[in-house]
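The values are calculated or read from the model by the stated rules, or taken from the named source; none is laboratory data. A quick note: this is a predicted structure, and the numbers were derived from the prediction, not measured. Quick reminder, even Gly has a Cβ in these numbers, built from the backbone with ideal geometry, and neighbours come from all protein chains shown. Ligands, DNA and RNA are stripped out before the accessible areas are found, and what is left, the full protein with its side chains, is counted by its heavy atoms. Shrake-Rupley method; radii C 1.70, N 1.55, O 1.52, S 1.80 Å.
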Amino acid sequence: MARSGFASLLLLDGGVSSELEAAGFPLQGDPLWSSRLLLTHPDAVKDVHLRFLRSGSDVISTATYQASVPGFVSHLGLRPEEARQLIHTGVRLAREAVHEYISTAGPREVEVKVAGSVGPYGAHLHDGSEYTGAYVDTLSTEELMDWHRPQVSALLEAGVDLLALETVPSAAEGLALVQLLREFPGASAWLSFSCKDSRHTCHGEEFGEVALALAARSRQLLAVGVNCCDPELVGDLLGGVANAKGFDKLLLAYPNSGEHWDVQRGWERRPRRPTLATYSLAWRDLGISWIGGCCRTGPQDIEELGRTLRPQMQPPSTTA
């Protein structure tokens, strides 16, 4: 199934921030995370986008996950309109990367898309609450919509192909985002949840029930799925959704590397688990068709996914 010019099998990108950290930028503990580099090191952001494109990504996500007008005003000293323009910069850099890639490699069979990354409210709080969603217990739907509206409108103004509403920890924030999407009737999006185990969102709701309920509420959602969870959880989380009666969306998954994140210490390094490609054929058999990676996954992971899922379309290897 494909909708609105989007292919049914798409390779997403991987962890943009992880790649920037690997390039020497100390992002852990930064309240703006990789979005700070939109101002300070824009060429580094574009270079990461290019690396994912050269590795086979069909969709690249803007470095705006933790970008917000209040955040840029508070931590960069920008005026509100300058903050909106910096969100626009995130889209421009992604577009420039696509143009530069196509000018050298030529067009692909699958048209490259730019997704505007929208992270959860808790990411702005910089207190780890995006991993629990606890803040939704004290915020109304309208308050969550008010928070997300400036970023969503700025990304759409800048011309993204779709929105990546991602790492959503709760049903309440997912509902707010779906309702906000109605204010922009020409927009389309994917909605991706973070989950704490094989059944529940980080806030504790039954993921399958939430995914089905929100998918049914929005014709603008192209895909529903999970991201930044352990890849071992993906099959259980999404396995029952695709065949549910009335479900008419695509399924997507872009988990992290399987390494553990500690709010105080950051990523706890340990021997790598099986790669995303190891799981990918089983995911495809379950009906998951938009596949990529999140934190601690890089261009090499996307290249391996491409070799596994559609080897006949893979570009020559360009990653080290």
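A compact table of results
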item: Test for residue 83: is it free of Cβ contacts under 8 Å to residues at least 60 places away in the same chain and aliphatic (A, V, I, L, M); result: yes
item: Filter result for the condition that a residue is crowded, with 20+ Cβ neighbours inside 10 Å, within 29 Å of residue 55 (Cβ to Cβ) and under 19 Å from the mean Cα position of the chain (by Cα), over 176, 154; result: 154
item: Residue satisfying all of: in region 294-320; outside any helix (DSSP H, G or I) and surrounded by fewer than 18 Cβ atoms within 10 Å (Cβ to Cβ); modelled with the highest pLDDT among these; result: 310
item: Residues satisfying the stated conditions in region 105-129, i.e. open to solvent by less than 10 Å² (accessible area, probe 1.4 Å) and closer than 21 Å to residue 175 by Cα; result: 115, 116, 117, 118, 119, 120, 122, 123
item: Checking residue 60 against (1) on the phi < 0 side of the Ramachandran plot; (2) touching a Gly at 6+ places or on another chain (Cβ under 8 Å), the condition it does not meet; result: (2)
item: Selection from region 121-141 of residues that are charged (D, E, K, R) and either in contact with a strand residue (DSSP E or B) (Cβ under 9 Å, 6 or more places away or on another chain) or touching a residue at least 24 places away in the same chain (Cβ under 8 Å) (or both); result: 130
item: Number of positions in region 81-95 that are of a type outside the set (Ser, Thr, Tyr) and more than 12 Å from residue 61 (Cα to Cα); result: 8
item: Near pairs, Cβ below 8 angstrom, 6+ apart or cross-chain, from region 60-77 (open to solvent by 60 Å² or more (accessible area, probe 1.4 Å)) to any residue that is of a type in the set (D, E, K, R); result: 75/36
item: Hits in region 78-89 (condition: surrounded by fewer than 16 Cβ atoms within 10 Å (Cβ to Cβ) and either among the hydroxyl-bearing types (Ser, Thr, Tyr) or assigned to a loop (DSSP other than H, G, I, E, B) (or both)); result: 79
item: Unmet requirement for residue 87, which otherwise passes all of (1) at pLDDT 95 or above; (2) more than 30 Å from residue 9 (Cβ to Cβ); result: (2)
item: Matching helices (runs of 4 or more DSSP H) fully within region 90-206 where at least 1 residues are of a type in the set (Lys, Arg); result: 141-157
item: Close pairs from region 225-242: first open to solvent by 20 Å² or more (accessible area, probe 1.4 Å), partner among the hydrophobic types (A, V, I, L, M, F, W, C) and outside any helix (DSSP H, G or I), Cβ under 7 Å, at least 6 apart; result: 228/294; 228/295; 233/195; 242/251
item: Residue match in region 15-38 (condition: touching a strand residue (DSSP E or B) at 6+ places or on another chain (Cβ under 8 Å), assigned to a helix (DSSP H, G or I) and either open to solvent by 10 Å² or more (accessible area, probe 1.4 Å) or under 25 Å from residue 149 (Cα atoms) (or both)); result: yes
